[in-house]
1. What pairs come out if I take residues in segment 174-194 that are touching a residue at least 12 places away in the same chain (Cβ under 8 Å) and more than 25 Å from SER357 (Cα to Cα) and pair them with residues that are of a type in the set (D, E, K, R) and open to solvent by 40 Å² or more (accessible area, probe 1.4 Å) whose C-beta lies under 7 Å away, six or more apart or interchain?
2. For the structure I just gave you, tell me whether THR721 is surrounded by 20 or more Cβ atoms within 10 Å (Cβ to Cβ), touching a Lys or Arg at 6+ places or on another chain (Cβ under 9 Å), in a helix (DSSP H, G or I) and at pLDDT 90 or above.
3. Name every residue in segment 335-381 that is on the phi > 0 side of the Ramachandran plot and touching a helix residue (DSSP H, G or I) at 6+ places or on another chain (Cβ under 8 Å), in order of residue number.
4. Among the residues of segment 518-576, how many are open to solvent by 70 Å² or more (accessible area, probe 1.4 Å), touching a residue at least 60 places away in the same chain (Cβ under 8 Å), closer than 29 Å to ASP640 by Cβ and not acidic (Asp, Glu)?
5. Have a look at GLU37, GLU98 and point out the one that is part of a strand (DSSP E or B), among the charged types (D, E, K, R) and open to solvent by 40 Å² or more (accessible area, probe 1.4 Å).
6. PRO481 is checked against (1) open to solvent by 100 Å² or more (accessible area, probe 1.4 Å); (2) at pLDDT 50 or above and fails just one. What number does that condition carry?
7. Among the numbered conditions (1) open to solvent by 20 Å² or more (accessible area, probe 1.4 Å); (2) of a type in the set (Phe, Trp, Tyr); (3) within 28 Å of TRP452 (Cα to Cα), tell me where TYR298 comes up short.
8. Answer with yes or no whether GLU780 is within 57 Å of the chain's Cα centre (by Cα) and either within 27 Å of LEU682 (Cβ to Cβ) or outside any loop (DSSP other than H, G, I, E, B) (or both).
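The values are calculated or read from the model by the stated rules, or taken from the named source; none is laboratory data. Since this is a predicted model, take the numbers as computed values, not measurements. Cβ atoms come from the backbone with ideal geometry, glycine included; neighbour counts cover every protein chain shown. Only protein heavy atoms, including side chains, enter the accessible area calculation; ligands, DNA and RNA are left aside. Shrake-Rupley method; radii C 1.70, N 1.55, O 1.52, S 1.80 Å.
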Amino acid sequence: MKFTLSWLRDHLDYTADGETLAPTIAETLISIGLDVEAVIDPRETLQGFEVAQIIETRPHPDADRLQICVVQTRHGTQELVCGAANARVGVKGILAKEGAIIPASKMVLRKAKIRGVASNGMMCAAQELDLKSTSDGIIELAQSAVIGQAAADALGLTDAVIEIGITPNRPDCLGVRGIARDLAAAGLGTLKPQMPKPLVRGKTNKTIAVSVDGETCPIFCGCLIENVMNCESPDWLRQRLLAIGAKPINALVDVTNYIAFDRGQPLHVYDADKLTGALCARPALAGEKLIALDDETYDLCPSDCVIADEAGVLGLAGIMGGVGSGSSFDTKNVFVECAWFAPEAIAKSGRHHRLESDARYRYERGVDRHAQEEVLALAVQMIKDICGGQSASPVIAGKPPLITDAIIFAPAHIAQLTNVEMPEAAMENILTALGFEIEKKNKDWKIKVPSWRPDVTQAVDIVEEIIRIYGLDKVASVPLPSRYSSRSSSRSSSRSEKDNHTKPLAPAQQYITRARRALAARGMVEAMSWSFINRDHAALFGDSDTLDDLELANPISSELSHMRPSLLPGLLAVVARNKGRGFHNVALFESGYQFKADLTQNLVIAGVRAGTRGEKHWSQQGGSQQGGSQKGANESDIYDVRADAETALACCGIDVTRLKLLSPPAKQKGEASYYHPNQAGLLALNPRVPLAAFGAVHPSVAQAFNCSAPLVAFEVYVDATLENNRQSKTTKTTKTTKAALSISNLQAVQRDFAFVVAHDCAAGDVIAAIAGADKTLIKEVRIFDVFVGAPLAADKKSLAVEVSLQPTKQTLTDADIEAVSEKIIAAVQNATGGLLRQYMVMEDGDGK
């Protein structure tokens, strides 16, 4: 939002000096919560430029289109080279002196030789000073201009421009009057009363009927003005629009644009001779189209609100008008529209059609709900003052939307919430200056919110309004209590100090914190992605029958239209972006919520691995004498993500030695299958409650993200681990974390075993049997080889296992080791029917 100081004076009565006013206003705006993005002072921009007169010209000796000009400055004469056609003796223009910065190009002007002739300075064209002009030559000033006068004064550019950033909750400051109101409340001047002249019926008795159909447009006002003479706007109006970057078009359009910036209320002017019958604000009909003022054709949908006459659509309400009814210099009769449109509907239509406009920017944030008649009166009066004409009586359809009920506010809230003591009279003065109406009832105040403040809905909003005007700098900075504050001194501390100790993290937070550290230690990088994804990606990971239930009613982008049914789409998108930039080896994880069709949310830790586990190396590559290559031995596979999942589960309090490997259940109708059907699995303690899933990403899913194999992923369902731990009360991990660290100083022993088991026997069953054979000595069990083929039978396989024994009391003897080995062999045989491989070989030998 931009405004000039002279424009601000129309609404704010102040007597500060013009040269110091801009910095004062900027500081005040910042102090009351309005971010100042720029203060543009033409005097500073045009430093190094002054008025000079050409007193002599002669042709350039080496260039037909150039001439040498002698110019008179306040310091004497100087020569320069100029190529403008209108450079002639007697012309007064703007001279850029050496060292001046040209506004349009940001070039610093230096002495130079042009075709061998020295040029000291430059006579400027309007475009070089960032000024609007239809002339290609140098600026020609009036002969009354004083040689040596500063360029800003000679051009009348002495009005500073201030630009502020408007947050979505302050639509009232999208008009100069709203900004003036805030400054007046802060003590910088007095807000001038605004008294628009009432609409008076002129000589015309004609009118155009209006109506509203639907909740999108509660009130629609308009007025017919006949016999206008459309023309260029007066200089003051053009200069104000140009100063804030708006392009003047014609008086009728410029008036509506001016009022939009002045009051924050957009308007629209129709050529009344191009209208057919009555006007109506209604939902668009199926198949209707609009050729808008940007010359683009838009296919309208029933959720769009349009302004239409009996012949068809005239414009997309609150966003942009159509070319068919727009005004021009030939327009004689006009109809001025001023309405209020629901912000949600305008935002939805604007995003759907990807249409940006100043009107949409204001309507979707919320304009004054009760200002339509007043603003219409102001617009009609301005048009009549500039273009003449006779106005009819205004027509009004509908009524303004209701304002939120009064807010009950206790002045004591200020001290409670901000720790700032201030008199009630000061609070009352601030609220009154901001337009709030106060009715005092005992200790509480009943406050009526003004129609231009849709963001104020509760008592804490009132506190914010008071304290930002009173002074945010008066609120003391208090550090948050430390998580690591000592409890040893709590006996001597006050009750309030005890209460300030940070509470311990919830179990889910503890799990996530541990898992993040553990996965990072495994070489993974944490990612953070949107909770929203596009429809196509949602369909790959969710139930297509309930996909519409995950669609957002008001998405911020068409690419973020659905709540994510899984964390994997966001991670796969990151993998794709990395691959597109040449980073093919990626290991990512993320923790967050995924959503179901009923919008319940589940806390999940998910991860993706792509490419290899590290950089390529000759020692990790297979090969052949013919120069061919085999699959790299260090490529990420499903065993890596299973290990990732088990690591995260351990951090969630799950005893991973008790986990069972399950096959993924068959997908029901409509459900997406994003894991490879033959390269995926589930991890669970209870087969009915999976705790994690892992596997290779389905090739079709990988292709949808422009990714190629190897691509593997895992998901850990934190909510399921919480429920499991809640039911089991205590877990092995919990006990371990509470116990003191115990390290044995005795030598560990490793022993290898090879068991022959049935081909369909799960390796996990063998590991579990071994681990349970002697829980005191056996610390780790690891399968390091799988063998199938002769001399084993076709229905058999051999599993080679390394078992680590860790004594804690005394060094193990051969007898101790042999005793444990016998327990291991017996445990595997009892659990799986497997036999030690050497025994099987001996039996085969005896049988020969």
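1. Pairs that qualify, where the first residue is touching a residue at least 12 places away in the same chain (Cβ under 8 Å) and more than 25 Å from SER357 (Cα to Cα) and the partner is of a type in the set (D, E, K, R) and open to solvent by 40 Å² or more (accessible area, probe 1.4 Å), are GLY189/ASP13; THR190/ASP13; LYS192/ASP13.
2. no
3. GLY366
4. Residues that pass the stated criteria total 3.
5. GLU37
6. (1)
7. (3)
8. So GLU780 fits the description; yes.
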